[in-house]
Structures are given as C-alpha cells and as structure tokens.
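Novice: Below: one structure in structure tokens.
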Amino acid sequence: MEHIRVAKVEEVTILHRGQPTVGTIHLTPHHLIFRANPDEESNTRPTEIWITYPIIANVYRNPPSAGSQAHIRLRNRDFMFLMLQFRTDRECREVFESIKSLSVVKSVEKLYAFFYTPGSPERKHNGWAAYDPRKEYERMGVGTDKCKGWRISRINKDYAFSPTYPQLLVVPATISDTTLSHAKNYRSRARIPVLTYLHPLNNCSITRCAQPLTGVRGNRSIQDEKLVAAIFASSQPQNASQTPAYLTTSTPSPNGSSTNLSSSSSVDNGVDSITSEPVVAEGRVYGAQQHNLIVDARPTVNAYAMQAVGMGSENMDNYRHCSSPPCTKTYLGIDNIHVMRDSLARVVDAIKDFDISPLSPNKELLVRSGWLKHIGLMLDGTSIIVRQIAVEHSHVLIHCSDGWDRTSQLSSLAQICLDPYFRTIDGFIALVEKDWVSFGHRFRDRCGFLGCDKWFVETNRNAPPTVEEGSLADEDPLQRTTSIGSFTPTGGFGEALEKGFGQAKNFFNTVNRSSSSATDNNDSDPDSLNIDRKTKLANLASTPIHVTKPKEVSPMFQQFLDATYQLLYQNPTRFEYNERFLRRLLYHLYSCQYGTFLFNSDKERADARVKERTRSVWDYFLARRNQFANPLYDPGADGVERERDVGGGRVLFPRSGGAVRWWEEVWGRDNGEMNGSENALNIGVMGMEERSRTPISPGEAGTGAAAGTAGSAGSIGGAADSGVATSSGLAAGIGVGVTGVAGRLGGVVEGVKGLSISPARSDSTSERRRTPVEVEMM
C-alpha cells in the first residue's frame, strides 16, 4: 500500500473511441478499477473496468493546457486504449506515480498470481494436473509395442544437464545417457535434439533443439551426429542398424567431441547440396527412402552471422550420412524477436488513437508493419514440416538460435495440423504445456510482466511528447528496420552501404554479448560481464531480483495464437475450441492472475514452488469449458477411419499468402476496419514472395468465434475480451546484410508484392464494438 499515493479519485472522465464516461478511479495493490457513475434513469448496477497492472504497456501523463485537461493515456497489452481526464494536475500526477510504482516490480512473487483466490467453480479443478508428460508420450507410443525406437531419459531430473529443458527427455532408444552428456557440449545451452512429437501413422518424428556451436572453424561433434542419425532411423525395424558405419568405429571422449573442420562448409541459401554418396547401413528396409529434413527457422544471413561468435548452423557435409537418402536442410527466413517486437509496435502505431478517435486504423501503417508477412512465413514453415512428415513420411529436426521462440512456434503449429488431438481443448492445453512451458519458452522475459520505468512517460507542458506516439523510442535508430537487411536506401549506394555496416556492427555487438554467456541461463548484460561468475550466482541465490529488459520483450506466443487462429478460420469445423478460447488465453498471459506463464523454465517454476503457491491458468478454462466450445466442431471429420484418406485425412495443410487475415477481435476492432469491406483488400506485404494460394471462400469462412461478453460488473481481471501486445513503446529490429562468415557486408532491399486478402467474414462477434464500460465475467 505504500506505493499508492491516492486510493480514490472521483469525477474522472474516461475516453474510449472518443466516447466519454464519468466515474471514479480506485487504485488497489493489483488492479486499477474504474467504476462509472450510476445512471439515475436506470436501475442497472454501475459497470466497472478492472485493469491488472502487468497488462499496462505504456502510460503517458500530460499536464493541463489551453486545449485540454490534465490527462493520462493508457495503452494496454490487450489493445484497450484509454484516456483518463482529471479535474486537477495534482490528481493526474498522483495517479500516474501510483500506477508506475505498482506496475514496475522487482520480483515475480509480487504479481497478482501469488495473492489470487479463485471462486468456487475454479477450485473444483486442478489445472496443474492437466498435462502429464509420461501420459502424453505414452499416447504417442513412446515405450509401447507400437514404437520401441524411443526411450525416456532422466538425465535432466535435477535440471543440471540443461536448466532450460524439462526433466523428462525422450531420446532414441539406441542412444545412452553417456552419449547425451557428450553431445550437450555442441548445442547452445545444452539443448540437444530431443523428441516432441511422433506421428501415429508412420512413427515419423518432430524433434527440437538449439543451434550447434560450429563457429567459423567448422567445429563438429560425433556424438551429436550419432544422435541425429539415431533420430532419423528411429522408425526403422529394431533389428536394422540405426547408426551409420562411420559413427560406430569409435566413441570419442568429451575432449574430442569438437573438431576443427573449417574447410568443410557447404551451407547455402536454400537446401544444402550433397555431392558425396552416403554410407548405407545394411538392413534398412522401411523408411529407406525417407527425405529427412533439418529445419533452421532463421534467415540464412543470421545463421552465417552467428558463426562469427562460435555458433551457427549444421555443416551438412557432416550430417549427410545420418540418413539415406542424405538428409537436407532448409532455412525458413523467420526473423528474430527484435524484428517481431518492431512489427507489433508498428501495428500499435496504426491503431494507437483508439482512445480519442472513432476513426479506422491507418491501413498504410498496418501494411508497413509486416505483421501478416511474419504470420504467413510461420504458416509456410509449418506447411513444409507437415508435408515432410505426413506426405514424405520423413523425420524433421527443428531449431532456431536457442530453440525456445521460433522453434516452439513451428513445432506446436505443426502438431496442431498433424494431430486432431491438439485441436481439442484438452489437447491444446497439453501442447502449450509441453512445447512452450516445459521446453523453456522465456515467458517472463518475452512478456515483460515486471514492467519498466521507460514505459512511463511524462510529457512537457510546452513541447510535444518525445516518446508519446513513438513506440520505437529509446532504441538505436539502426535497430529500427522491419527485417534483416530490409531497409530501402534513400541517399544512394553510399548511404545504403553505411547503413549496412552500421546494422552489421550493431548485430555483432548484440550476438557477442549473448554468446559471452552461452553457458549462463541469465541473458547477458553488458554491465555484468566483468562480475565474477561465482559472486554473481551467489547474489542471485540470496536476492531473487528480476528485471525486465525491454529488448528481450517480443510477442512470440501472441504470434503462435494468431497463427492458430488462422488455422481455425481456414478450418472452422476441425477445432473443438473457438476463437474466444485463444483470445482469453492471450489476455490471461498478461493478467498475471495465474502462475502458468510467470517464469522462463520448469526449473524456475520448481524453485519458486509455483504449483503450490498459485493457480493454473487452465483452471479458468476448464471451469468454463462450455463457453469455449466451437458450435461448428465436427469430431467425425477427424475420425480414425479417415487416417489414411488420400485427400489428407486428418491432417490440415495451412494456407498463407492471401489467406492470412487480421485477427480483428484481438486488436479490438471491427472486421471491416482491419480486413476491409466485402471486396477483397489488396495488401502489399514487404519481403514476401508472390504465391498462388486458394483464397478462403465466403462459405468456408464460417466462424469459430464464440458469443461476446458474458459480462458482469466487478469481475477481477475481466477487462476487454481481447488479445495483448508487448511493449508498444520499445520495439526494434536488427538489420544486417552479411554474405559470409568472413564479414562481407551488403544491403538487401526487399520488394513489395501485392497479396490478396480473401473476403472477410461477417458475424456477430466481429461486428460488436467494445465500450469502455464493458467487462467480462471471470
């Protein structure tokens, strides 16, 4: 309570979409509450808005002027933008300082989840038991007669092997824990290739890992190659040799697990070319013609750049013998967290005046944000993985840099397409727990729950705000391109080259700081590089202080849910859950009402005893299952009898290009505002190749959305039924043109190509407009 300078302020006018409402503001330790003044002509209970502090993205305080009262503008992560007008500047300042003090905290344990007491419907459920890794892997066939090629390893039972991985790791049955302990030295943060999914039709796998530590000298690891070979051979009969001959000649010691092979680099922009004939193990019958694939989610130039700091991507000369025919590799060109943060910030710039204006978003800014381009690339990558497994009957190994952002996106989206179970409510819960929570997506870092002083801005009375409206403020101007090398030179070749060098320099400075702490679970901080490691760890152990780093914030989980919405929109009868299920999950990601998403890893959750001290977010959904059921769902469409249908059976094949649309409900807008009228809206998407895609027909569009607000006044955390943004005031992308590990630099200019958005659907939920006094029953 010491942070609350004023607990109650009366006669506050709140503006949303230009519509004023007068009421009273209450400041509590975990919520900002606005209660509208009662209408004397109505007997209804006054409506309230409850805003949890972590959901606040930016706050701007403006002193009184000749044209306006003292006011605060709130931009929330659920895209509810509000203006609060006060009678006096003193009230405005005290509310601003109180919100800032209550939003910027130094420990996760200060968040609402550690104080929340659920109502009786939620107390009947235990969301922490909704996912059991052993049962989930057994469902896939691991350890059963159906599939004996895999085993569950307990090598990480105390998180000492890899602190960011789950306790249970599923690896090939032919690979010992000793081999794993050697192989971990070759993967970033010891995130070795492990199983996340087995396809029931052919036992082909999706495995995931982090980037290899190849470096400019071409380091290799025999143990890592042996592990990959065993993965690619796991669907073969048990009496078949699962290890190439050249890997069975010896078992090098840990000291010999990395070798200098600088002369054997053969990575190119597409799929790596293999010229030598592989050594084929005798006895290979089933799956002998598998075209196994290694997927690097990054742009090619990023993978090359990482080699300069000791990391990189697989040298396929060393992996060609891992399967027959030789396995290949492809780069998906999905940009990093900085580019995605910048993209979201530009979307916010397009809709930022939602508090004071009823006007539609700026369509040009929406296009320039590149948001739909990024979602489309994610779906393209998903399609590659799905076809490789379901059509080519092959294995896929996925990684990006550290294997917890883009890797989680691709892996989980592919599983939704491949397995109908993950299109049910229970299956989706298991998927999020497995591929996001337990595999170490850095929710605390990416979501910025703890707030940041930079996100609270006081403007000068006599000058326009310097950070207001500027969601790219406080960032290096060289980091403000929308994608790597995507700047458009305006001052001739010299200026373009200068920008290229500047962006490259900034990129290498960033990755150098990251690589210097590759063995440390905490992100590198330039101010802490000279601190003795033992002293630092001791301090962390005695004082669990967490700090939000704005440049680590990025909407990775929101993009995954957005892409899931695209799949649901394209296949409205194939999902048990509806659009509102995804939307509410996005809201509770930032409400911090539950403990599920508060930490970066299973180890952190175990250390904080989060299951004993907080409630699971799944309690909320399981207690309201009927609200999130899709009325169009047809379970028979994914029956077992359809498993081998020629037309794809139970597998979904995502469409991108013109089929990707704005998820209007998340952005708090109407369908017409975001996706245009009934006529197709042509959008120029930067950096995306022209594709021929079948548009969604109006009849197919349908709706997976549920009914609107189930409203009731005063429900805790029940703000607008919407999605969430990351810090709109701190977005940046890293631009760099790098053509080789030797440091050749160049600029890349991405073209603008027109893509057609299919006719937008029209339903009751998309036409509904939210008001500032709307609230949903929690």
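The values are calculated or read from the model by the stated rules, or taken from the named source; none is laboratory data. If you're wondering where the values come from, they're calculated on a predicted model, not measured in any experiment. Note that each Cβ is placed from the backbone with ideal geometry, even for glycine, and that neighbours are counted across all protein chains shown.
Novice: Restricting attention to the stretch 321-345, and to residues there that are charged (D, E, K, R) and crowded, with 24+ Cβ neighbours inside 10 Å, which single residue is nearest to ILE384 (Cα to Cα)? Steps first, answer last, please.
Specialist: First, the residues of the stretch 321-345 that are charged (D, E, K, R): 329, 335, 341-342.
Remaining after also requiring crowded, with 24+ Cβ neighbours inside 10 Å: 335, 341-342.
Working: ASP335: 17, ARG341: 25, ASP342: 26 Å.
Taking the candidates together, the pick is ASP335.
Residue-wise test of (1) free of Cβ contacts under 8 Å to residues at least 24 places away in the same chain; (2) within 21 Å of GLN566 (Cβ to Cβ).
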site: ILE356; (1), (2): no, no
site: GLU364; (1), (2): yes, no
site: SER369; (1), (2): no, yes
site: LYS373; (1), (2): no, yes
site: THR382; (1), (2): no, yes
site: VAL386; (1), (2): no, yes
site: GLU392; (1), (2): no, no
site: LEU397; (1), (2): no, no
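Novice: Residues being in contact with a strand residue (DSSP E or B) (Cβ under 8 Å, 6 or more places away or on another chain), among the basic types (Lys, Arg) and part of a helix (DSSP H, G or I): count how many of those fall in the stretch 321-362.
Specialist: Summing the residues that are in contact with a strand residue (DSSP E or B) (Cβ under 8 Å, 6 or more places away or on another chain), among the basic types (Lys, Arg) and part of a helix (DSSP H, G or I) in the stretch 321-362 gives 2.
Novice: For VAL339, indicate whether it is more than 20 Å from LEU567 (Cα to Cα) and either under 21 Å from the mean Cα position of the chain (by Cα) or touching a residue at least 40 places away in the same chain (Cβ under 8 Å) (or both).
Specialist: Here the answer is yes, as VAL339 does meet what is asked.
Novice: Just one of (1) of a type outside the set (Asp, Glu); (2) more than 20 Å from GLU136 (Cα to Cα); (3) under 14 Å from the mean Cα position of the chain (by Cα) trips up HIS441, so point out which.
Specialist: Here HIS441 clears every test but (2).
Novice: Let me ask something additional. Are there any pairs, at least 6 apart or on different chains, whose C-beta atoms fall under 8 Å, with the first in the stretch 213-238 and assigned by TED's automatic domain parsing to the domain that holds TYR304 and the second surrounded by 23 or more Cβ atoms within 10 Å (Cβ to Cβ) and of a type in the set (Asp, Glu), and if so, which?
Specialist: THR214/GLU314
Novice: Quick check on my filter: what residues within the stretch 403-417 are within 19 Å of MET140 (Cβ to Cβ) and touching a strand residue (DSSP E or B) at 6+ places or on another chain (Cβ under 7 Å)?
Specialist: If we filter the stretch 403-417 for residues that are within 19 Å of MET140 (Cβ to Cβ), which is where we start, we get 407-408, 410-417.
Residues satisfying the conditions are THR407, LEU410, SER411, ALA414, GLN415.
A quick yes/no check of all residues on (1) within 24 Å of ILE425 (Cα to Cα); (2) among the β-branched types (Val, Ile, Thr); (3) not in a helix (DSSP H, G or I):
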| position | (1), (2), (3) |
| --- | --- |
| PHE599 | yes, no, yes |
| GLU604 | no, no, no |
| LYS611 | yes, no, no |
| ARG615 | yes, no, yes |
| ARG655 | yes, no, yes |
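Novice: Now a separate question. Looking at (1) of a type in the set (D, E, K, R); (2) crowded, with 23+ Cβ neighbours inside 10 Å; (3) closer than 22 Å to PRO550 by Cβ, find the lone condition where ARG442 falls short.
Specialist: So the condition that ARG442 fails would be (2).
Novice: Which number in (1) in contact with a strand residue (DSSP E or B) (Cβ under 8 Å, 6 or more places away or on another chain); (2) more than 19 Å from ARG87 (Cα to Cα) marks the one condition that ARG45 misses?
Specialist: (1)
Novice: Kindly indicate the residue of the stretch 388-412 that is of a type in the set (A, V, I, L, M) and touching a Gly at 6+ places or on another chain (Cβ under 8 Å) and also surrounded by the fewest Cβ atoms within 10 Å (Cβ to Cβ) among those meeting that condition. Before you say what the answer is, go through the steps one by one.
Specialist: Residues of the stretch 388-412 that are of a type in the set (A, V, I, L, M), as a first pass: 389-391, 396-398, 410.
Keeping just the survivors that are touching a Gly at 6+ places or on another chain (Cβ under 8 Å) gives 390, 410.
On the way: ALA390: 22, LEU410: 29.
Ranking the qualifying residues of the stretch 388-412, first place goes to ALA390.
Novice: What are the residues in the stretch 349-375 that are in contact with a Gly (Cβ under 6 Å, 6 or more places away or on another chain) and either polar (S, T, N, Q) or assigned by TED's automatic domain parsing to the domain that holds MET83 (or both), if any?
Specialist: Result: SER357, single match.
Novice: Same structure again: Is at least one residue of the stretch 439-447 in a helix (DSSP H, G or I), out of contact with any Gly (no Cβ under 8 Å at 6 or more places or on another chain), modelled with pLDDT of 95 or more and within 30 Å of ARG93 (Cβ to Cβ)?
Specialist: Taking every residue of the stretch 439-447 in turn, at least one turns out to be in a helix (DSSP H, G or I), out of contact with any Gly (no Cβ under 8 Å at 6 or more places or on another chain), modelled with pLDDT of 95 or more and within 30 Å of ARG93 (Cβ to Cβ).
Novice: Can you find, within the stretch 619-628, the residue that is surrounded by the most Cβ atoms within 10 Å (Cβ to Cβ) among those that are touching a residue at least 60 places away in the same chain (Cβ under 8 Å) and not in a loop (DSSP other than H, G, I, E, B)? Break it down into steps so the answer makes sense when it comes.
Specialist: Applying the first criterion (touching a residue at least 60 places away in the same chain (Cβ under 8 Å)) to the stretch 619-628 yields 619-625, 627-628.
This time we only want the ones that are not in a loop (DSSP other than H, G, I, E, B), so: 619-622, 625, 627-628.
Values: ASP619: 22, TYR620: 25, PHE621: 23, LEU622: 20, ARG625: 14, GLN627: 16, PHE628: 22.
Filtering the stretch 619-628 for residues that are touching a residue at least 60 places away in the same chain (Cβ under 8 Å) and not in a loop (DSSP other than H, G, I, E, B), the one surrounded by the most Cβ atoms within 10 Å (Cβ to Cβ) comes out as TYR620.
Per-residue answers, yes or no, for (1) within 23 Å of SER554 (Cα to Cα); (2) touching a residue at least 40 places away in the same chain (Cβ under 8 Å); (3) touching a helix residue (DSSP H, G or I) at 6+ places or on another chain (Cβ under 8 Å); (4) surrounded by 15 or more Cβ atoms within 10 Å (Cβ to Cβ):
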position: HIS26; (1), (2), (3), (4): no, no, no, yes
position: PRO46; (1), (2), (3), (4): no, yes, no, yes
position: TYR53; (1), (2), (3), (4): yes, yes, yes, yes
position: ASN58; (1), (2), (3), (4): yes, yes, yes, yes
position: ASN76; (1), (2), (3), (4): yes, yes, yes, yes
position: PHE79; (1), (2), (3), (4): yes, yes, yes, yes
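Novice: I'd like the full set of residues that are touching a helix residue (DSSP H, G or I) at 6+ places or on another chain (Cβ under 8 Å) and modelled with pLDDT of 95 or more, limited to the stretch 295-305.
Specialist: VAL295, ASP296, ALA297, ARG298
Novice: State whether one or more residues within the stretch 308-319 are buried (at least 24 other Cβ atoms within 10 Å of the Cβ) and in contact with a Cys (Cβ under 7 Å, 6 or more places away or on another chain).
Specialist: Yes, there is a match, as at least one residue in the stretch 308-319 is buried (at least 24 other Cβ atoms within 10 Å of the Cβ) and in contact with a Cys (Cβ under 7 Å, 6 or more places away or on another chain).
Novice: I'd like the full set of residues that are within 20 Å of the chain's Cα centre (by Cα) and more than 23 Å from GLU552 (Cβ to Cβ), limited to the stretch 599-621.
Specialist: Listed by number, the residues that qualify are SER616, TRP618.
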